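Report on the following structure.
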Amino acid sequence: MPPFLSYDHVQLSMPAEDEDRARAFYAGVLGMTELERPADLRARGGAWFSSGPVQLHLGVDPAFTPARKAHPALRCADLDALLTRLEVAGCAVTLAGTFEDGARHAYVDDPFGNRIELVG
């Protein structure tokens, strides 16, 4: 049996005191649900989100630099509907073609410049 069965979560960094922009994008545009963070982590800032079993955590980094190469790739239930929501919200989407299995993929940046790949 392989040693790992799934991801628990992916963490990206964000600037301090930008939780409202994180909520607007991850919950408002992408449609994820914000999770309550453990009490001992709340003072650090940041925000956590989920969609089914997928969790994405945003942690505050005082020396924040956006992740431009390293990125999460999120498998989408309806890529076309999500791309439409992103475009309506004014997000720049880059269509990136089709994988060998027929899945299409695209890229979008979160409000902080972190690269997110969307696969559907």
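The values are calculated or read from the model by the stated rules, or taken from the named source; none is laboratory data. It should be emphasised that the depicted structure is a prediction, and the values quoted were computed from it without experimental measurement. Ideal geometry is used to build each Cβ from the backbone, glycine not excepted, and the neighbour counts take in all protein chains shown.
Return the total of residues in the stretch 104-120 being farther than 18 Å from Leu56 by Cα and either touching a Phe, Trp or Tyr at 6+ places or on another chain (Cβ under 8 Å) or exposed (fewer than 13 other Cβ atoms within 10 Å of the Cβ) (or both).
Of the residues in that region, 1 qualify.
Take the residues of the stretch 33-50 that are of a type outside the set (D, E, K, R) and in contact with a strand residue (DSSP E or B) (Cβ under 7 Å, 6 or more places away or on another chain): which is farthest from Tyr7 (Cα to Cα)?
Gly45
Tell me whether the stretch 6-29 contains one or more residues that are touching a Ser or Thr at 6+ places or on another chain (Cβ under 6 Å) and among the polar types (S, T, N, Q). I'd like the intermediate steps shown before the answer.
So the first thing to find is which residues in the stretch 6-29 are touching a Ser or Thr at 6+ places or on another chain (Cβ under 6 Å), and the list is none.
Checked against the condition, which is being touching a Ser or Thr at 6+ places or on another chain (Cβ under 6 Å) and among the polar types (S, T, N, Q), the stretch 6-29 yields no hits at all.
Kindly list, by first and then second residue, each pair from a residue in the stretch 45-70 that is free of Cβ contacts under 8 Å to residues at least 24 places away in the same chain to a residue that is among the hydroxyl-bearing types (Ser, Thr, Tyr) and surrounded by fewer than 16 Cβ atoms within 10 Å (Cβ to Cβ), limited to pairs with Cβ atoms under 6 Å and residues at least 6 apart or on different chains.
Between residues of the stretch 45-70 that are free of Cβ contacts under 8 Å to residues at least 24 places away in the same chain and residues that are among the hydroxyl-bearing types (Ser, Thr, Tyr) and surrounded by fewer than 16 Cβ atoms within 10 Å (Cβ to Cβ), the close pairs are Ser50/Thr33.
Would you check if Val29 is hydrophobic (A, V, I, L, M, F, W, C) and surrounded by 15 or more Cβ atoms within 10 Å (Cβ to Cβ)? Even if it seems obvious, please write down each step before you answer.
On the way: hydrophobic (A, V, I, L, M, F, W, C): yes; surrounded by 15 or more Cβ atoms within 10 Å (Cβ to Cβ): yes.
For Val29, the condition - hydrophobic (A, V, I, L, M, F, W, C) and surrounded by 15 or more Cβ atoms within 10 Å (Cβ to Cβ) - is met.
Name the one entry in Arg44, Arg21 that is surrounded by fewer than 18 Cβ atoms within 10 Å (Cβ to Cβ) and either part of a loop (DSSP other than H, G, I, E, B) or touching a Lys or Arg at 6+ places or on another chain (Cβ under 6 Å) (or both).
Arg44
Conditions (1) in a loop (DSSP other than H, G, I, E, B); (2) touching a Pro at 6+ places or on another chain (Cβ under 6 Å), marked per residue:
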| residue | (1), (2) |
| --- | --- |
| Tyr26 | no, no |
| Phe64 | yes, yes |
| Ala77 | yes, no |
| Leu82 | no, no |
| Arg85 | no, no |
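Are any residues in the stretch 57-99 touching a strand residue (DSSP E or B) at 6+ places or on another chain (Cβ under 9 Å), modelled with pLDDT of 95 or more and hydroxyl-bearing (Ser, Thr, Tyr), and if so, which ones?
Across the stretch 57-99, the qualifying residues are Thr65, Thr94.
Residues in the stretch 84-92: is at least one of a type outside the set (D, E, K, R), under 15 Å from Arg115 (Cα atoms) and surrounded by 13 or more Cβ atoms within 10 Å (Cβ to Cβ)?
yes
Residue check: is Gly97 without any contact (Cβ under 8 Å) to a residue 12 or more places away in the chain, in a strand (DSSP E or B) and farther than 23 Å from Leu58 by Cα? Full working, then the answer.
Numbers: without any contact (Cβ under 8 Å) to a residue 12 or more places away in the chain: yes; in a strand (DSSP E or B): yes; farther than 23 Å from Leu58 by Cα: yes.
So Gly97 passes the test.
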